[in-house]
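A short worksheet on the structure shown next.
The values are calculated or read from the model by the stated rules, or taken from the named source; none is laboratory data. Keep in mind that what you see is a predicted model, and the values were worked out from it rather than measured. Don't worry about glycine lacking a Cβ; one is built from the backbone with ideal geometry, like all the others, and counts go over all protein chains shown. Only protein heavy atoms, including side chains, enter the accessible area calculation; ligands, DNA and RNA are left aside. Shrake-Rupley method; radii C 1.70, N 1.55, O 1.52, S 1.80 Å.
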Amino acid sequence: MINRLDTASRDFDDALERLIHWDDPTRREVEESVARVLGDVRKRGDAALLDYTARFDGVAAPAVDALRIDAGMLSDCRQRLPEPQAEALVTAARRIRRYHELQLQQGGAFEYEDGLGNRLGQRLAPLARVGVYVPGGQAAYPSTVLMTVIPARVAGVREVAVTVPAPNGERNEHVLAALDIAGVDEVFAIGGAQAIAALAFGTETVARVDKIVGPGGAHVAAAKRQVFGPVGIDSIAGPSEVLIVADGSVPVHWTVLDMFSQSEHDAAAQALLLCPDADYLDAVAERMTTALPEMARARIIGASLGARGALIRTRDLDEAVAIANRVAPEHLQLAVADPEALLPKVRNAGAIFLGGYSAEVFGDYSAGPSHVLPTFGTARYASPLGVADFLKRSSVVRIGRRGVRELAQTAAAIAEAEGLRAHALAALARLDES
């Protein structure tokens, strides 16, 4: 059922564009629905949160405080988990924290003295309060808790508030245990656009935040888009993507599972395999046919591969990497014998996995870097979520008596050219005392 393309075909460019293009036909309806929710939460606060939580999650609560998940419940959930599962979360958290601590140590703060004796520099300061949205409509994602909260904590964010939907009142113990391991200040069992509204605008119970991070469905994405400005956001998340560049050296069943694992997210997810070896592509297609019925989410995988997946024969590996740069995928696997030779040619990718053992699934859970990555081709200019997303930069300028003369003359000349006389006078006034 998967699409087959060949770069040698005359219509390849058009076919590829149709495949990677994604336009949600319900977007206008979603945007209008979200706008109503945002406006209502902004106007009615807690009362609107309670109404929407009852309507969308099937949970009737007497007050928003009843939706607050306290630290004791998080700890209890952690204690109840089977030891291997709890240890897996702790191990993943340790690796994620170490990776992001190294990001912080590389730093962006600096100071220097110019030839005039003036001191210039930049200081970093963490955001005061961050809101994290953890999706939970179709599945539970304890990994997203670790991948979003830990970088914020490493950056030094003072308060981390989390919202996570609890459909029909079901609170996932793995998610709550991960929240305990990551360390959060507040958790509310609220989802959807109403959760984004509460974080962005604040209500009687939920304090507003400085920035909202974390992936979500169409309504969450639309809400984040609409609240941007009064509050910061990380990105607008789209369907998950993987593009695999292969040379036939990686076992066929590994590649099939790598494509299945991406496609099982949802029917809109995309998995592309680019390879110059036609026999390898044939073997992958055959293995997909026999392996798909064994998958628990076979229907979703089949729908994803049929609509947006493809096996693409390329002339060579260089052409495959060139197409990868054009697609700018969320995840790029270089499943080749010598991935280091191709790496310098990669310009656009959210996360790059080198060699057959470096499956994308390790990036999802346990390697260390955050799995919150740019989608929709935004890897052309956007980056993975990291410590820097929770830090703000301030320029620092200290001008001394000795160094002011040259700077004042320069500033005044430019200000006069711009017709800003008071600017010029403010600069020149410093010369009277120097």
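Observations
- Here E111 passes the criteria (1) in contact (Cβ under 8 Å) with a residue 60 or more places away in the chain; (2) out of contact with any strand residue (DSSP E or B) (no Cβ under 6 Å at 6 or more places or on another chain); (3) over 27 Å from G217 (Cα atoms) except the one numbered (2).
- Candidates A351, A310, A296, filtered to the one that is open to solvent by 70 Å² or more (accessible area, probe 1.4 Å) and aliphatic (A, V, I, L, M): A296
- Total residues in segment 53-84, condition among the acidic types (D, E) and surrounded by 14 or more Cβ atoms within 10 Å (Cβ to Cβ): 2
- Test: residue in segment 123-134 that is at pLDDT below 95, touching a Ser or Thr at 6+ places or on another chain (Cβ under 8 Å), surrounded by fewer than 16 Cβ atoms within 10 Å (Cβ to Cβ) and farther than 27 Å from Q226 by Cα: yes
- Identification of helices (runs of 4 or more DSSP H) wholly contained in segment 141-225 with 2 or more residues that are buried (at least 24 other Cβ atoms within 10 Å of the Cβ) and among the β-branched types (V, I, T) yields 142-155.
- If only residues of segment 93-122 that are of a type in the set (S, T, N, Q) and surrounded by 13 or more Cβ atoms within 10 Å (Cβ to Cβ) are counted, the one that is nearest to D364 (Cα to Cα) is Q103.
- Selection status of V397, at pLDDT below 95 and β-branched (V, I, T): yes
- Matching residues in segment 377-395 - criterion: being of a type in the set (S, T, N, Q) and assigned to a loop (DSSP other than H, G, I, E, B): S383
- If the condition is being in contact with a helix residue (DSSP H, G or I) (Cβ under 8 Å, 6 or more places away or on another chain) and part of a loop (DSSP other than H, G, I, E, B), then segment 266-288 contributes D266, A267, A268, A269, P276.
- Scanning segment 324-335 for residues that are among the aliphatic types (A, V, I, L, M) and open to solvent by 10 Å² or more (accessible area, probe 1.4 Å) returns a single hit, V327.
- Test result for L16, over 24 Å from G216 (Cβ atoms), within 26 Å of the chain's Cα centre (by Cα), open to solvent by less than 50 Å² (accessible area, probe 1.4 Å) and of a type outside the set (G, A, S): yes
- Among the residues of segment 217-235, those identified as charged (D, E, K, R) and under 19 Å from H371 (Cα atoms) are K224, D234.
- Members of segment 404-434 found to be at pLDDT below 90 and in a loop (DSSP other than H, G, I, E, B), listed by number: S434
- Subset tally (residues that are of a type in the set (K, R) and free of Cβ contacts under 8 Å to residues at least 12 places away in the same chain) for segment 402-420: 0
- Hits in segment 306-338 (condition: under 12 Å from P276 (Cβ atoms) and part of a helix (DSSP H, G or I)): L317, D318, E319, A320, V321, I323
- Looking only at segment 34-44, and only at residues there that are farther than 16 Å from P230 by Cα and more than 24 Å from the chain's Cα centre (by Cα), the one that is surrounded by the most Cβ atoms within 10 Å (Cβ to Cβ): D40
- Only one of the numbered conditions (1) out of contact with any strand residue (DSSP E or B) (no Cβ under 7 Å at 6 or more places or on another chain); (2) closer than 20 Å to A61 by Cβ is not met by S240, and that is (2).
- Qualifying residue in segment 355-367 (condition: assigned to a helix (DSSP H, G or I), under 29 Å from H253 (Cα atoms) and of a type in the set (F, W, Y)): yes
- Residue within segment 371-387 that is touching a Pro at 6+ places or on another chain (Cβ under 9 Å), farther than 30 Å from E17 by Cβ and touching a residue at least 24 places away in the same chain (Cβ under 8 Å) present: yes
- For first residues located in segment 10-37 and under 24 Å from R315 (Cβ atoms), partners that are of a type in the set (G, A, S) and lie 6+ apart or on another chain with Cβ distances below 6 Å form the pairs L19/A310.
- Flag for A237 being of a type in the set (G, A, S) and either over 20 Å from the mean Cα position of the chain (by Cα) or in a helix (DSSP H, G or I) (or both): no
- Every test in (1) part of a loop (DSSP other than H, G, I, E, B); (2) surrounded by fewer than 13 Cβ atoms within 10 Å (Cβ to Cβ) is passed by E87 save one, and that test is (1).
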